[in-house]
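Structure first, then comments.
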Amino acid sequence: MPLFKVKTPEPKGPTRYLKAATLIDGTGKKPVQDPVLELEGRRVKRIGTKQGIRIPPRAEVVDCAGLTLMPGMIDAHLHTMMFNCLTFHNYRVAQWEITPELQQMYGLFHAQLCFDMGFTTLRDLGLNSSRGLLTAELCAVRDAINAGIVEGPRMLIGGFTVITGSHLDLINPRAMQRFGFQTADGPWELRKLARTNLLAGCDIVKTCATGGGGTDKEEPDIRNMTQEEINAIVDEAHAFHKVAAVHCFTPQGQRMALEAGADTIEHMVFSDDRTTDRIVESKVWMTPTLLHRTDRAIQARKDQGTSQFVLNKMKQIQPYCYRTFEKMHRAGVNIAMGTDMGYDPQMGANARELEVYVDLGMKPMEAILTATRNAARALKLDREVGTIEAGKLADIIAVAGDPLKNIRCLQEKKNIQIVMKEGRIYADRRAGRNRNVVNVKPGEWKIVDYL
Ligand SMILES: [Zn+2]
């Protein structure tokens, strides 16, 4: 921890009131009926009900009559610059035949699509491609949003720090272009790669302890690095007060990540009881990323021309992913929502991940917590966001429908009626209003490689 922290007082800003039918505050407490929130500048100042808080005459009121307020959602694992299947027809072109400069524009576009759907915070876990890591490009998108020159969600950027021949490098067919990957081997080289990513401005160091989507049938079991290497990466992240995120498909990888002191572990395809117990004990955060394991995602990838090898692999690991999720949930593993969106071509559909959790046994409230309080805790942002509480930043969405009765109501844009980040409304789809972050609709944009 830093030895001291100087906190500059922030300007108070105007006082406003937010009224709605219901409040789900993201703490897990029972919903509040007829809530009234007093906002001051970027923050929530006071929370009460219409009986308890008297709104002064002529005060500015955001009236969300009939709507449910809840914290802006957080996707703790996605890749805004991975593919562009919304704007390209062909997966291979989208992945490999695009310049970093154009890719960066799509990264912003993808982040805005998620933002428009109520995701006010995204953790982008970066990428390693033949175009390089794009850590600096991702950081620039984050910084442009933070500077207020473009609209978008709060972003945390992961710098990809992996060995040569790590899982994504191995994607078949082998005839594919292999140059341009930025990898490192051995603890000191990996420390240098982590530091280079940190120099570029990343918030998180991301690494991979095991194989993954690119490795074939037996190979999720391959170890991706030595214990000494993973220890070096996690240590480097912590030395800079950053979070270390570790991709693990197997119990061996999970144990290596725990041993290294990882802050979040990603995917969890396979599991064993002994390791699951250790995960529970450690209280480490797990992001399940089940959305891109669904049949729908596999079909979408197929339609975009994904290689049969990858499709087979996705189908093959699907039941393991579901079973591991059920088991880890039952065992009491700390779960934060992450979609791995970016592989799945439907950017903005992040809330479908919650439906998968509910289908696999989570109560809707628990599922909502994974995308609010839990995700904020996993990202160490919980002092500022993740719940609607006095003193926290006003990241709030207003939803038509009751997500506790029907978790799917979070999936439709028309239901996400207000998206507020730090007290400012970016999307407003209440009756008579039509403010969006993204104003082009699917079908209106060009499918670039169709020409
Ligand atoms: Zn990922």
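Look at A111 and say whether it is within 16 Å of the ligand (Cβ to nearest atom) and not in a loop (DSSP other than H, G, I, E, B).
Answer is yes for this residue.
Hey, among T80, T99, T68, T87, which residue is within 16 Å of the ligand (Cβ to nearest atom) and either assigned by TED's automatic domain parsing to the domain that holds N128 or closer than 29 Å to V440 by Cα (or both)?
T80
Taking the residues in region 294-310 that are of a type in the set (S, T, N, Q) and within 16 Å of the ligand (Cβ to nearest atom) as candidates, determine which candidate is nearest to Q411 (Cα to Cα).
Taking the candidates together, the pick is T294.
Condition (residue is at pLDDT below 95 and surrounded by fewer than 24 Cβ atoms within 10 Å (Cβ to Cβ)) applied to region 188-204: is it met by at least one residue?
no
Under 6 Å between Cβ atoms, which residue pairs at least 6 apart in sequence (or on different chains) link something in region 177-195 that is in the same structural domain as F240 (by TED's automatic domain parsing) and farther than 9 Å from T161 by Cβ with a partner that is at pLDDT 95 or above and surrounded by fewer than 18 Cβ atoms within 10 Å (Cβ to Cβ)?
P187/E228
For the condition in a helix (DSSP H, G or I), over 19 Å from the mean Cα position of the chain (by Cα), surrounded by fewer than 24 Cβ atoms within 10 Å (Cβ to Cβ) and more than 16 Å from the ligand (Cβ to nearest atom), what is the one hit in K327, K313?
Values: K313 fails: more than 16 Å from the ligand (Cβ to nearest atom).
Among K327, K313, only K327 is in a helix (DSSP H, G or I), over 19 Å from the mean Cα position of the chain (by Cα), surrounded by fewer than 24 Cβ atoms within 10 Å (Cβ to Cβ) and more than 16 Å from the ligand (Cβ to nearest atom).
Could you count how many residues in region 43-74 are polar (S, T, N, Q) and under 14 Å from L18 (Cβ atoms)?
Keep residues of region 43-74 that are polar (S, T, N, Q), which gives 49, 51, 68.
Those left that are additionally under 14 Å from L18 (Cβ atoms): 49, 68.
Looking only at that region, the number is 2.
Here is a yes/no grid of residues against (1) at pLDDT 95 or above; (2) part of a loop (DSSP other than H, G, I, E, B):
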| residue | (1), (2) |
| --- | --- |
| I98 | no, yes |
| Q104 | no, no |
| F115 | yes, no |
| T120 | yes, no |
| I145 | yes, no |
| V150 | yes, yes |
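Looking at region 261-273, can you tell me whether even one residue there is more than 15 Å from the ligand (Cβ to nearest atom), in a helix (DSSP H, G or I) and free of Cβ contacts under 8 Å to residues at least 60 places away in the same chain?
yes
The values are calculated or read from the model by the stated rules, or taken from the named source; none is laboratory data. None of these values were measured; they are calculated from a predicted model. Positions of Cβ are generated from backbone atoms using ideal geometry, with glycine treated the same way; all protein chains shown enter the neighbour counts.
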